[in-house]
Amino acid sequence: MLTIRNLAKSYGATRAEKRGRVLAVDDISFDVTDGELFTLLGPSGCGKTTTLRCIAGLEMPDEGEIAIDGRVLFSAERGVRTPPNERRLGMVFQSYAIWPHMNVFENVAFPLRVLPRGQRPRKHALSERVERVLSVVRLDHLAGRQATDLSGGQQQRLALARALVLEPPLLLLDEPLSNLDAKLREEMRFELKRLQRELGITGLYVTHDQVEALAMSNRVAVMRDGKIEQIGHPRSVYEQPESRFVADFIGTSNFIDGTVERCDDGVYVVQTDGGVLRIPSDKHYEVGQAVIVAARPEHIELATNLNGIGPNVWRGRVEARAFLGEVVDHVVAVGPREIRARCNSKVSIPAPTEVTVRFHEEAFSLVPTGD
Amino acid sequence: MSGRNLIVGLVTVFIAYLALVPLGFLLWQTFTRGGHPTLAAIRTAYSQSGLGTMTLNSFAFAGGATAVAVVIGTGLAHLVVRTDVPFKPLMFAASLVPLIIPGILHTIAWFFLLSTQIGVLNIHVIHPIFGVNFNVASVHGMILVEGLHLTPLVFLLMVASFRSMDPSLEESAIMSGAPLRTVFWRITLPLARPALYAAILIMAVRTLESFEVPAVLGLNQHIFVFTSQIWTTLNASPPDYSTAGAYAMALLVLTTIGVLWHNRISKHGRAYQTVTGKGFRPRPIPLGRWRWPATILILAYFCISVLLPLAILFYASTQNFYAPPSHYTLRHLTWGNYGAAWHDPLVQHGLKNSLILGLGTATAVMLLAAVASWIVVRTKVRGRWLIDNLAFLPLTIPGLVLGVAILTIYLRVPWLPIYGTLWIIFIAYLTRYIPYGMRYVSTSMFQIGRELEESAQMSGAGWFQVFRRIVLPLLVPGFVAGWIYIVVVSVRELGSSVLLYSPGREVLSIAIWEMWRNGQFPELCALGIVMVAGLVVLVGVAYKLGAKIGVREA
């Protein structure tokens, strides 16, 4: 439904100083299908918000094409530049952007009131539509309230109602949860997800919070320096990162440098300075190629009985531990390096203790060298 | 601790003296005669013929000039902050005009541009096109000139307001499908309403207080407003102090209402603040086909507000006798007026006295304000709110009213013989500019963490040492900025000075005023051009300093 082709946007680009310009979005393409919640995830400055604002029409891209359901909103080649107020998209801003000089009802009614004369609903129909969308976000009892008197979570829902009242084909969400406190954020995460699924909204979501992205999205695009690093379902992005950056940005990883020794039936034997690791992977690597092994700490097991070492079972010494409530983090010295192991709270080994470090196969992913 | 209490006490008493005594005396003067309470002065004042017209003129003048300034200033501010109109730096340069062109010079320049007989614009532009002259020496003319002089102030106020607005409030309206026009009228303007009301009130108060425009344009035509009426009453022979006091009281009541109302609004304004995001720097709205009209508007404004007045003053300063520019006059230029002005004893007195008063007032005001604002911001001394309010009070007193009050005090008080000296003008300036000094210092004072002082105390420093070695050095940015600002405004002050000066005690603005009344136009313009140049340098230094210090702070 949403198609982005070769989108590029740079800042500080006057014709005179082409060299000094910064590419905020660097030739990205992706598609969002009907009814899905698609997330752009990345650290600040990666271009995710700029991409969103280009789709909204609030920024003017330099190159590329943006289309929704075949309707071209922007095309550098064809010179199509639909102004943002004619794109009919819904958008929720990070600051909610609730108008403080209007009450709850008027905030939601605004998009209907500014429709072109012919399409503007009559008074009765208008209040019916406003009330319907207010009840969807469960604010109907506050319609007469001044918008500034709402709590953070209520303002958030109001912003959502305002974005939905025109029933837009696509809802743009710009870090909508980042102004809420931790508890409320978790609640709103489920609420948003529920609304999105029940109303069948197609959504483009921007966040720097990996937990939010994994929890809510149907698909995630991890962005970095204006480029998309990896697109996939949350689970596959987490379990099969394709680069060191993705493995590092999403979740926690131990990185171990190694060399491919051989490959038996999709299981790579990798020689590292801590010992040999056997890693299943469907990627192709040459024998003798340098690789990075990313190992998730929650799939690394520690044991105090010291028998049996070999591939994927190493010897180490606990250097430190931290009790985090649900889990206990251990820092284990293995050879020249330190490895983080996340154990359930029943396992808690004081430092210094010699331990066996067992890597489960699902801990591993192989990524190419370089960041 | 007793040293501290002594200083606190002295400063409080002094500020109270400055702020309250003139007001008290004004009341006493107006409502008593020979020691008995009476309303005679009010009766005399308000039974004079032409009074209704005077009041109507005052309100028309205030309302009109405010409307002109607010409409133009707000429009330009929105263009500059939110759209991609070119030449934005020009607008900020133009916004310095009220600082660098004193009101009296600005008014005289417009007289040369738009008077019916010798107005250049009338002769070369307006009459050829419309077949009639625009008479600047009328209420309309006064409104136009005062409005133009106040426009930059509105511009700066509204720029600040538009900039502090969360841009996503407007963007979300755009995303809701509203065209730009609708966004401006339904979102931007309502959100800027507190700032807009504040600007309206400030401009109305300023216009009511204004003396330069009514005096230069109105007096000869017998168009009176409150300020020129007060001046005329005091310049009659014999001067009628109590009647002038009665007019001054009325004016004071009006401006006080305005100022208090404004304060109420600015407190309410805070209710309009909502959560703001990380402040994505918004893309300026592309004007499209409106870009050219907007560009012309900006350039036209720059020409009208900066180039035309300065050009006509400069031209006039090169003439032996003032005549509108023609082929003949442009070939007979002279620099003689600059020399003549330099050797004029009036100018020499003015220069000396303005320097003494400017530097003296600025230093005294800033020191006083530093201690006073320290008391208000930092201490828990009981009654410190009183100091705050006392130091704020002179803001409501128009310069001319303050002049009347101070005049009557020191004419009556034999044990403080400062009438006819510079001291009396110094006291007037000190009183007028204390509120400005307070504002500059308090802003910096709030930025100094309390721990910085506390750690100095813990290191063993006494109160005076803490103040001298920690507080004052940290205040330097605000202090210097405020100091320069006060030098600038006191050099241009006319309202109080015009009632308080005596021969040999003239200041520069009085020199211009006297020359205007004597008809020495070319010499006046020469002095004016030099004065503007001096103020440009001073304001330039202030901005450089401010920028430098600002960078270091960040």
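The values are calculated or read from the model by the stated rules, or taken from the named source; none is laboratory data. None of the values given here were measured: they were computed from a predicted structure. Every residue, glycine among them, receives a Cβ derived from its backbone with ideal geometry; neighbour counts consider all protein chains shown.
Can you name the helices (runs of 4 or more DSSP H) wholly within segment B:118-183 that have at least 2 residues being free of Cβ contacts under 8 Å to residues at least 40 places away in the same chain, over 31 Å from the mean Cα position of the chain (by Cα) and assigned by TED's automatic domain parsing to the domain that holds residue B:80?
On the way: elements: B:127-130, B:139-164, B:167-175, B:180-183.
Output list reads B:127-130, B:167-175, B:180-183.
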Subject >> Matching residues, segment A:52-75, being within 13 Å of chain B (Cβ to nearest Cβ) and of a type in the set (Val, Ile, Thr) >> reply: A:55
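Name every residue in segment B:28-51 that is part of a helix (DSSP H, G or I) and surrounded by fewer than 14 Cβ atoms within 10 Å (Cβ to Cβ), in order of residue number.
At the first step, the residues of segment B:28-51 found to be part of a helix (DSSP H, G or I) are B:28-31, B:40-47, B:51.
Hits for segment B:28-51 are B:43, B:47.
Within segment A:161-184, take every residue that is of a type in the set (D, E, K, R) and either in contact with a Ser or Thr (Cβ under 8 Å, 6 or more places away or on another chain) or at the interface with chain B (Cβ under 8 Å from one of its Cβ atoms) (or both) and give me the one that is farthest from residue A:210 (Cα to Cα).
Within segment A:161-184, the first condition is being of a type in the set (D, E, K, R), and the residues that meet it are A:162, A:167, A:174-175, A:181, A:183.
From the residues that got through so far, the ones that are either in contact with a Ser or Thr (Cβ under 8 Å, 6 or more places away or on another chain) or at the interface with chain B (Cβ under 8 Å from one of its Cβ atoms) (or both) too are A:162, A:174-175.
On the way: A:162: 27, A:174: 14, A:175: 12 Å.
Across segment A:161-184, the extreme among qualifying residues is A:162.
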**OP:** Test residue B:112 against the criterion of being on the phi > 0 side of the Ramachandran plot, in the same structural domain as residue B:196 (by TED's automatic domain parsing) and of a type outside the set (Ser, Thr, Tyr), and give yes or no.
**Re:** no
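From A:91, A:60, grab the single residue that is in the same structural domain as residue A:8 (by TED's automatic domain parsing), assigned to a strand (DSSP E or B) and not aromatic (Phe, Trp, Tyr). Walk me through it before giving the result.
Numbers: A:60 fails: assigned to a strand (DSSP E or B).
Of A:91, A:60, the one residue that is in the same structural domain as residue A:8 (by TED's automatic domain parsing), assigned to a strand (DSSP E or B) and not aromatic (Phe, Trp, Tyr) is A:91.
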Original post:
Mind checking which pairs have a first residue in segment A:239-264 that is modelled with pLDDT under 95 and surrounded by fewer than 18 Cβ atoms within 10 Å (Cβ to Cβ) and a second that is among the basic types (Lys, Arg) and part of a strand (DSSP E or B), Cβ under 9 Å, 6 or more apart or different chains?
Top reply: A:252/A:340; A:252/A:342; A:264/A:278
Subject >> Extreme residue, surrounded by the most Cβ atoms within 10 Å (Cβ to Cβ), among residues of segment B:141-169 that are in contact with a Ser or Thr (Cβ under 6 Å, 6 or more places away or on another chain) and at the interface with chain A (Cβ under 9 Å from one of its Cβ atoms) >> reply: B:168
**OP:** For residues that are closer than 23 Å to residue A:104 by Cα and not charged (D, E, K, R), scanning just segment A:191-219, find the one that is nearest to the other protein chains (Cβ to nearest Cβ).
**Re:** A:201
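So is residue A:212 modelled with pLDDT of 90 or more, charged (D, E, K, R) and closer than 28 Å to residue A:8 by Cβ or not? Walk me through how you get there before you give the answer.
Numbers: modelled with pLDDT of 90 or more: yes; charged (D, E, K, R): yes; closer than 28 Å to residue A:8 by Cβ: yes.
When the stated conditions are applied, residue A:212 passes them.
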Subject >> Any chance residue B:371 is out of contact with any strand residue (DSSP E or B) (no Cβ under 6 Å at 6 or more places or on another chain), more than 30 Å from residue B:527 (Cβ to Cβ) and either of a type in the set (A, V, I, L, M, F, W, C) or at pLDDT below 90 (or both) >> reply: yes
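Among the residues in segment A:337-349, are any within 12 Å of residue A:254 (Cβ to Cβ) and not charged (D, E, K, R)? Break it down stepwise before answering.
Residues of segment A:337-349 that are within 12 Å of residue A:254 (Cβ to Cβ), as a first pass: A:337-342.
Checking the rest, the ones that are also not charged (D, E, K, R) come to A:339, A:341.
Among the residues of segment A:337-349, at least one is within 12 Å of residue A:254 (Cβ to Cβ) and not charged (D, E, K, R), which makes the answer yes.
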Original post:
Any residue in segment A:357-365 that is more than 21 Å from residue A:308 (Cα to Cα) and touching a helix residue (DSSP H, G or I) at 6+ places or on another chain (Cβ under 9 Å)?
Top reply: yes
Original post:
Considering only residues of segment A:278-314 that are at pLDDT 90 or above and among the basic types (Lys, Arg), which is surrounded by the most Cβ atoms within 10 Å (Cβ to Cβ)?
Top reply: A:296
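Would you kindly identify the strands (runs of 3 or more DSSP E) lying entirely within segment A:305-344 that contain at least 2 residues that are farther than 22 Å from residue A:362 by Cα? Before the answer, list the steps.
Numbers: elements: A:313-323, A:327-334, A:337-344.
Qualifying strands (runs of 3 or more DSSP E): A:313-323.
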Original post:
Quick one: in segment A:95-150, which of the residues that are within 13 Å of chain B (Cβ to nearest Cβ) and touching a Pro at 6+ places or on another chain (Cβ under 7 Å) is surrounded by the most Cβ atoms within 10 Å (Cβ to Cβ)?
Top reply: A:147
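Identify, from the list A:331, A:318, A:313, A:355, the residue that is assigned by TED's automatic domain parsing to the domain that holds residue A:278 and touching a Pro at 6+ places or on another chain (Cβ under 9 Å).
Of A:331, A:318, A:313, A:355, the one residue that is assigned by TED's automatic domain parsing to the domain that holds residue A:278 and touching a Pro at 6+ places or on another chain (Cβ under 9 Å) is A:318.
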Subject >> For residue A:252: the one exception among (1) more than 23 Å from residue A:210 (Cβ to Cβ); (2) outside any strand (DSSP E or B) >> reply: (1)
